[in-house]
Every structure is written in structure tokens, then in C-alpha cells.
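Here the structure comes first, spelled out in C-alpha cells, and everything after it is commentary.
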Amino acid sequence: MIGRRHHLVIDAPDPQASAAFWSEVLGDPVTFDDGDFVVVSADQQTSGMAFQRAPDLTSATWPDPRVPQQMHLDVMVDDVATARVAVERLGARPLGGDVYADPAGHPFCLIPRPSWAPPVAGA
């Protein structure tokens, strides 16, 4: 092993809005915010997601390859139908099937919880 994952750092025009969205989706708090860099993680000693200010970000146009998706998250959920409603209420935009864009335009997928994983609701 050469290293260990720290944060997945994602460009966003409004890092606070992106962090608030993902905080609600994943149930982790915002643990750091300096105005231009915001972290969502279980606590200040845990790796998570970070959002850095990128005012000129061009949102992905998935499935149109003109602007590639750049990255995406698979979000494991207990019930996809319930999760669809919840993420749309938070501001996600449907892109087709169970693929959505977060408020900054980053694609993510809602994935049914695999049988090997413990229930998400109990986490």
C-alpha cells in the first residue's frame, strides 16, 4: 500500500450548497468549511467528500459525451423508489433511469443495496 484515501475532492461553483446536498443524502455532517473548501465526513478524523470552489465549472452533459461526467458516485440505498423522491426533494435533477445530477451538475447513481451490505437505514 502506498497511501490511503483521504477525501474525494470535487469542484463546485458553490461548495456550501454541494456539501449541504451530500450531507443530507449521505447523513454525514459538514465538518470543515473555510469558505472555498468544505468537507462532509462522519467526523473530523474520517475521510469523506470535499468540495472546492470552481466558479467556472462546466457541468457534465451525461449521457451526451460533449462534456464527460468527470466523476460520479454510486449511492447505495435500501429502497430506490424512496431514495428517488428524497434526492429530488433535495434538488437532484433526473438524468434518466436511476442516474441523477446533484445541484452542481455532478452525476450520481442510486444503487440497490447489495445483499452483503448491512441496511443503510440502520447505519
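What follows is calculated from the coordinates using simple rules that are stated; it is not laboratory data. Predicted, not measured: the structure shown is a model, and the values here were computed from it. Ideal geometry is used to build each Cβ from the backbone, glycine not excepted, and the neighbour counts take in all protein chains shown.
Results, tabulated for the structure shown:
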{"item": "Region 57-73 - phi-based ³J(HN,Hα) in whole Hz, Karplus 6.51/-1.76/1.60, Gly and Pro as x", "result": "4, 9, 5, 4, 10, 3, x, 5, x, 3, 10, x, 5, 6, 5, 7, 10"}
{"item": "Prolate/oblate/rounded call for region 7-112, Cα gyration tensor, a/c under 1.5 rounded", "result": "oblate"}
{"item": "Amide H partners (placed H, <5 Å) of Phe32, local residues excluded", "result": "Val39"}
{"item": "Under DSSP loop assignment and at most 14 Cβ neighbours within 10 Å, longest trypsin sites (Lys or Arg not before Pro)-free interval of the chain", "result": "6-65"}
